[in-house]
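Structure, as C-alpha cells:
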Amino acid sequence: MFIDSVPKVDEVYVDARRVLELVADVYSVRRAEHRDIPSVVRINRLCLPENYSVGFFEDLLRAYGNAFFVAVHREEGVVGYVMCRVEVKKGFFSEEKLRSLHIVSIAVMPKHRRKKLGYALMAYAMNSGKWEYDCHESYLEVRVSNEPAINLYKRLGYSVITVIPQYYLDGEDAYLMARPI
Ligand SMILES: CC(C)(COP(=O)(O)OP(=O)(O)OC[C@H]1O[C@@H](n2cnc3c(N)ncnc32)[C@H](O)[C@@H]1OP(=O)(O)O)[C@@H](O)C(=O)NCCC(=O)NCCS
C-alpha cells in the first residue's frame, strides 16, 4: 500500500477550497439541509442505478449530516451531492478497530461534470470525516467499469483494496477502495 503517496486530507481540502474560490460566482459547496433532499433524490435517480428510498437519504442526513454536502449552481440550485456513513470496523491499513468514513453515494449532474465539483464534494466529506467524526480511514465501493469515478478516487489518494464479486444487482463487480484520513 503506497500510504506515503496519499495526499493529506488537509491539503486536498485546501486545494478544493482554492478551486471553488475560482468559480465562486457560479458554484458553491455547502452542507446539505432537509430542503435539499428532493433535489438529491432526483440527482441520484438520474445519475446512478443504485437508488434508495427518500427515508434512507433523510436518515443519513439526520445521523451524519456534517458529512453530507451538496454542490449548488447559482441559477440551477443543487447539481451534485455526497453522502456518507460513519462505521466502526477493523481498518484496512491497521489491525485495530477504528472509525471509518463510508462514502455511500456521490453524483454530479452530467452538465456540471469535469469542473472539480466531485473532487470538492469528496474533499469536504473527507475533511469532515477526519475532523468532525474522528475517522481514521475512508472507503467506498465503485463499479469496476466506472472509470471517471475510479480516476477521481485515485486522484484523492484511494487505492483498490480488493474486488467484491457481483456486488451490484446487475452482477457487476465492485472495487473496494480505501485510504487513511
Ligand atoms: C464520478 C463523478 C462524481 C465525478 O464528478 P466530476 O465533478 O465530474 O469530477 P471532477 O470534475 O471533480 O473530476 C476530478 C478528477 O476526477 C477524474 N475524472 C472525473 N471525471 C472523469 C472522466 N469522465 N474521465 C476520466 N477521469 C475523470 C479526473 O482525474 C478529474 O480531474 P481532471 O478534470 O483535472 O482531469 C461524476 O462523473 C458522476 O456523477 N458520475 C455518475 C455517478 C457516479 O458514477 N458516482 C460514483 C459512484 S461510485
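Listed values, structure above:
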{"item": "Positions within segment 112-155 being acidic (Asp, Glu), closer than 18 Å to LEU48 by Cβ and more than 6 Å from the ligand (Cβ to nearest atom), in sequence order", "result": "GLU141"}
{"item": "Cβ pairs under 7 Å, 6+ apart, first in segment 162-178 and at negative phi and surrounded by 14 or more Cβ atoms within 10 Å (Cβ to Cβ), second at pLDDT 95 or above and among the basic types (Lys, Arg)", "result": "TYR168/ARG143; GLU172/ARG143; ALA174/ARG143"}
{"item": "Enumeration of residues in segment 71-84 that are under 21 Å from GLU132 (Cβ atoms) and either of a type in the set (Lys, Arg) or surrounded by 24 or more Cβ atoms within 10 Å (Cβ to Cβ) (or both)", "result": "ALA71, GLY80, TYR81, VAL82, MET83, CYS84"}
{"item": "Hits in segment 20-59 (condition: within 22 Å of PRO110 (Cβ to Cβ) and within 15 Å of the chain's Cα centre (by Cα))", "result": "VAL29, ARG30, ALA32, VAL40, ILE43, ASN44, CYS47, LEU48, GLU50, PHE57"}
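Results for (1) in a strand (DSSP E or B); (2) under 23 Å from ARG179 (Cβ atoms); (3) within 12 Å of the chain's Cα centre (by Cα), shown as yes or no for each residue.
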residue: LEU61; (1), (2), (3): no, no, no
residue: GLY65; (1), (2), (3): no, yes, no
residue: VAL82; (1), (2), (3): yes, yes, yes
residue: LYS89; (1), (2), (3): yes, yes, no
residue: PHE93; (1), (2), (3): no, yes, no
residue: HIS102; (1), (2), (3): yes, yes, yes
residue: ILE106; (1), (2), (3): yes, yes, yes
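The values are calculated or read from the model by the stated rules, or taken from the named source; none is laboratory data. Every value quoted in this text rests on a predicted model; they were computed, and no experiment measured them. A quick note on method: Cβ atoms are made from the backbone with ideal geometry, for glycine too, and the neighbour counts reach across all protein chains shown.
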